Amino acid sequence: RLARESGINKATTLRYLIALQSADFIEQDRESAKYFLGPAFHKYARVRMVSDPFPRMVETVLNDLADLTNETSHISRLQGAMLETIDLVESTRSARVILPFGESLPLHATASGLAVLGWASSGVLTEVTGRRLQAFTQHTITSKADLKKALDQVRRAGVARGFQGFELDVVGLAAPYFGEDGTALGAVAVAMPVSRSSAAREATISKAVRQASHRLTTALGGVSPPSYPKMNSET
């Protein structure tokens, strides 16, 4: 079957399989004769975790942010014109925001999305504004004019605030992290119930997510663009 689906003759396919098996990249079940991934992939995954500081920094940043705020903290990365949640730590409070791991977040309806859109590439911004903005709640931004106003505010503050735009009773605060060219790659965010939000609390959390996003930018070897408002700790 492998030979048929790959278009490679059986003899060559068998040589490839033997080579992969000898290097522990695949293993074969003795009863079914089916192949599956071998332990070599786990070994190289561990090597990558050691050599690449970003996954470890994501975990560290999230734990620190969750400890500081005691609210659900999450980090997302840009995938096309959506955001994918790559890691999260839930609040320990009984009333808390629950986010599914790996959930896709719309850019126009979430704090994380607005944070990224503020410094996204022109292609991403054009793709989002060139289509209908879907409403998820009665608070979702659905007009291009309102989106522009929201992004102007995000660019002035350096932090995006999402108010029940994707899910009712949820307030989100998010800041972008950047790559080498100063383009937003994703966002660090905190989500909390509306009942626990206040101007003072949001100010404290906004500062925390900005500091966290700066740590991720540094870990990636990225730079904040000149248009991104600076904090004292970032200068």
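None of the figures in this text is laboratory data; all of them are computed from the coordinates on show. On a predicted model such as this, the values are computed, not experimentally measured, just so you know. Quick reminder, even Gly has a Cβ in these numbers, built from the backbone with ideal geometry, and neighbours come from all protein chains shown.
Within the listed set GLU127, GLU71, GLU59, the Gaussian network model of the chain (springs between alpha-carbon atoms below 10 Å) gives the highest mean-square fluctuation for GLU127.
According to the square roots a ≥ b ≥ c of the eigenvalues of the Cα gyration tensor, what is the shape class of region 108-235, taking rounded for a/c under 1.5, prolate for a/b larger than b/c otherwise, and oblate for the remainder? Verdict is oblate for region 108-235. Let me know the shape class of region 48-117, please: from the alpha-carbon gyration tensor, a ≥ b ≥ c as square roots of the eigenvalues, rounded when a/c is under 1.5, otherwise prolate if a/b is greater than b/c, or oblate. Note, shape of region 48-117 comes out oblate.
Note on region 71-164: with charges restricted to the Cβ of Lys and Arg (+1) and Asp and Glu (-1), its dipole about the Cα centre is near 380 debye. Given axes a ≥ b ≥ c from the Cα gyration tensor, I'd like to know whether the chain is rounded (a/c under 1.5), prolate (a/b larger than b/c) or oblate. Since a/c reaches 1.5 and a/b is larger than b/c, the shape of the chain is classed as prolate. The C-alpha atoms of the chain define a longest principal axis, and helix 10-22 lies at about 70 degrees to it. The stretch between ALA11 and SER94 holds 23.8 nm of extra length on full extension. This uses 0.36 nm per residue minus the Cα-Cα distance.
Working from Cα pairs under 8 Å separated by at least six residues, relative contact order for region 134-178 is 36 percent. Site pair ARG4 and MET231 shows an inter-label distance of 5.9 nm when each label is modelled 7 Å from Cα along Cα→Cβ. Converting phi to 3J(HN,Hα) with the Karplus coefficients 6.51, -1.76 and 1.60 and the offset θ = phi - 60°, region 105-119 yields 10, x, 6, 8, 10, 10, 4, 4, x, 5, 4, 5, 4, x, 9 Hz in sequence order, with x at every glycine or proline. If the segment from ASP181 to ARG156 were pulled out straight at 0.36 nm per residue, it would be longer than the present Cα-Cα gap by 7.0 nm. Ranking SER104, THR126, GLN21 by Cα position along the charge dipole of the chain, where only Lys, Arg, Asp and Glu carry charges on their C-beta atoms, puts THR126 farthest toward the positive end.
Here the chain is assigned +1 on the Cβ of each Lys and Arg and -1 on the Cβ of each Asp and Glu. Its dipole about the Cα centre then comes out at about 340 debye. Comparing ALA199, VAL159, ALA81 along the charge dipole axis of the chain, the residue lying farthest to the positive side is ALA81, per the Cβ-charge model.
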